[in-house]
Amino acid sequence: MAPSEPLPTCRRKALWFGGFGVATILLAGAAHALHLPISDWVLGLLTGFGVGGLGAAAVLWWLPDASDAVPKRLSSRYRREMLLPMTGYVLAVFAFKPLLHRTDSLPLRVLVSLLPALFVLGVMRAFVRYVRDSDEMQRRIELEAGAFAGLLVSAGFLAAGFLQSADLIAIPAKVAMLWVFPMLCFTYGFTKVVIARRYL
Amino acid sequence: MNNRLRELREARGWSQGALAEQLAVSRQTVNALETGKYDPSLPLAFRIARMFGEPIEGIFFDDTLHPT
């Protein structure tokens, strides 16, 4: 039997993300089924990480290999610039609720509540620099993917808004607002796969 | 738009990766240019033309005028 070819880097990463996604979803499912003393917020977070991991795995599996699409220097810089705000964002998501309970000062509460969003600004900066320094075709792929993702997500939220107005669904405004940006990132991943594959 | 990019690159014995590096674009972009799936901007077309020492119209053709 001929030796099988090694998986490309992006597909190996996809397997890691997929494994992480399945593990966190199983963990959340087990905690729910066994009635473990875990808050709904943590369960939701675990499920969110799980779904995010599976989504990232699907995107990485179908995207053209990143080493073919982006110079190594640019992808290294992107990862480096993304690491700090992304880590800060994850820590802030975990910390902002407990921190809110520790203060009654309105300006401090506003600052603490906005902490995750401030880290997202750092993520956006890294992404903008990445897109601007990509070559013209890659920039076109990124911008088309972003535009289509924006259209799809806003149309989805518009449709949900009409369903909510008709009392057919009941999504709390807090949840709806928190999910706009993650949904945009998620949808962008999938629109990028479709658009990038047109140029293969 | 059709082009002679692959022919010119192969005549020089360059890989897609080597050409991509010289043009400061990705290998995927060179592949898309060669297969006609992506038409370059004017500045990139000029860079390609300069690299191969040919006029732009000697490399890129309007396929509605010169169907293959």
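The values are calculated or read from the model by the stated rules, or taken from the named source; none is laboratory data. Just so it is clear, the model here is predicted, and its values are computed rather than measured. Note: ideal-geometry Cβ built from the backbone for every residue, glycine included; neighbour counts use all protein chains shown. What goes into the accessible areas is simple: the full protein's heavy atoms, side chains included, and nothing from ligands, DNA or RNA. Shrake-Rupley method; radii C 1.70, N 1.55, O 1.52, S 1.80 Å.
For the protein assembly as shown, with all protein chains present and a 1.4 Å probe, just round the carbon and sulfur fraction of the accessible area to a whole percent.
Answer for the protein assembly as shown is 69 percent, counting heavy atoms of protein chains only.
For the stretch A:1-139, just say rounded, prolate or oblate: build the C-alpha gyration tensor, square-root its eigenvalues into a ≥ b ≥ c, call rounded for a/c under 1.5, and beyond that prolate if a/b exceeds b/c, oblate if not.
Judged from the Cα gyration tensor, the stretch A:1-139 comes out oblate (a/c at least 1.5, b/c at or above a/b).
Give me the residues in the stretch A:106-142 whose solvent-accessible area, probe 1.4 Å, is reduced by at least 10 Å² once all protein chains are included instead of the chain isolated.
Flagged in the stretch A:106-142: A:Asp135, A:Glu136, A:Met137, A:Gln138, A:Arg140.
Pairs on different chains or at least eight residues apart, Cα atoms closer than 24 Å: how many lysine pairs in the protein assembly as shown fit?
6
Could you state the orientation-averaged shadow area of the convex hull built on the Cα atoms of the stretch A:130-198, in nm² to one decimal?
So the Cα hull casts an average projection of 5.2 nm².
Taking loop as defined by DSSP and a crowding limit of 16 other beta carbons within 10 Å, which chymotrypsin sites (Phe, Trp or Tyr not before Pro) in the stretch A:96-173 fit?
On the way: sites: A:Phe96, A:Phe119, A:Phe127, A:Tyr130, A:Phe148, A:Phe157, A:Phe162; in loops: none.
For chymotrypsin sites (Phe, Trp or Tyr not before Pro) across the stretch A:96-173 that sit outside H, G, I, E and B with at most 16 neighbouring Cβ atoms in 10 Å, the list is empty.
Nearest 100 Å² is fine: how much accessible area is buried between A and B, summed over both sides, with a 1.4 Å probe?
The A and B chains share an interface burying roughly 1100 Å².
Just check the stretch A:8-62 against the gyration tensor rule for me: Cα atoms, a ≥ b ≥ c as the square roots of the eigenvalues, rounded for a/c under 1.5, and otherwise prolate or oblate depending on whether a/b exceeds b/c.
prolate
Using a 1.4 Å probe, what is the accessible area per residue for the protein assembly as shown, in Å²? Provide the component values of the computation, followed by the final result.
Working: 16900 Å² over 268 residues.
Dividing the accessible area of the protein assembly as shown by its residue count gives 63 Å².
Hey, got a sec? Which chymotrypsin sites (Phe, Trp or Tyr not before Pro) in the stretch B:1-54 land in a DSSP loop and have at most 16 other Cβ atoms within 10 Å? Could you put the intermediate results ahead of the total?
Values: sites: B:Trp14, B:Tyr38, B:Phe46, B:Phe52; in loops: B:Trp14, B:Tyr38.
Listed in order of number, the matching sites are B:Trp14.
Looking at the stretch A:54-69, which residues lose a minimum of 40 Å² of accessible area between their chain alone and all protein chains in place, measuring with a 1.4 Å probe and not counting ligands or nucleic acids?
Buried by the other chains: A:Asp68.
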